[in-house]
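**Q** Here's a structure for you.
Each reported figure results from applying straightforward, stated rules to the coordinates on display, with no laboratory input. Note that the structure is predicted; figures quoted are calculated from it, not measured. Using ideal geometry, Cβ is built from the backbone for each residue, glycine included, and neighbour counts are taken over all protein chains shown.
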Amino acid sequence: MEGHEIIETVFEEYDETKGAVYYLGKSIELMEKCDRVVFMPGWEKARGCRIEYDIAKNYGKEILLLKEGEY
């Protein structure tokens, strides 16, 4: 997106000694820097994404829900 910085919260490197809560915490930490949070289709099926959505909503982040084929 022109004029915007994209901050990816899907981590390519996964350390099995750290659990899902660790990575969720890292995603939430990155969300602090964002004005808008974008959710891909199927986000509602992932527990971490549902938590991120609730946080974004409760902390006044703009939320964009993409539909299939919009990305």
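**Q** Can you tell me the 0 to 90 degree angle between the C-alpha axis of helix 47-58 and the longest principal axis of the chain, rounded to 10?
**A** It works out to around 50 degrees.
**Q** Could you run the Karplus curve 6.51 cos²θ - 1.76 cosθ + 1.60 with θ = phi - 60° over segment 63-71 and give me ³J(HN,Hα) per residue in whole Hz, x for Gly and Pro?
**A** In residue order, the calculated couplings are 10, 10, 9, 6, 9, 3, x, 8, 10 Hz.
**Q** From the gyration tensor of the Cα coordinates in the chain, what semi-axes in whole Å does the equivalent ellipsoid have, largest first, with each one equal to sqrt(5λ)? List each step's numbers first, then the result.
**A** Values: eigenvalues 80, 40, 37 Å².
That gives 20, 14, 14 Å for the three semi-axes.
**Q** Assign unit charges at the C-beta atoms only (+1 for Lys and Arg, -1 for Asp and Glu), then state the dipole size of segment 15-63 relative to its Cα centre in Debye, rounded to the nearest 20. Provide the component values of the computation, followed by the final result.
**A** Details: 9 positive and 9 negative charges, 23 e Å.
Using only the charged Cβ atoms, the result is roughly 100 debye.
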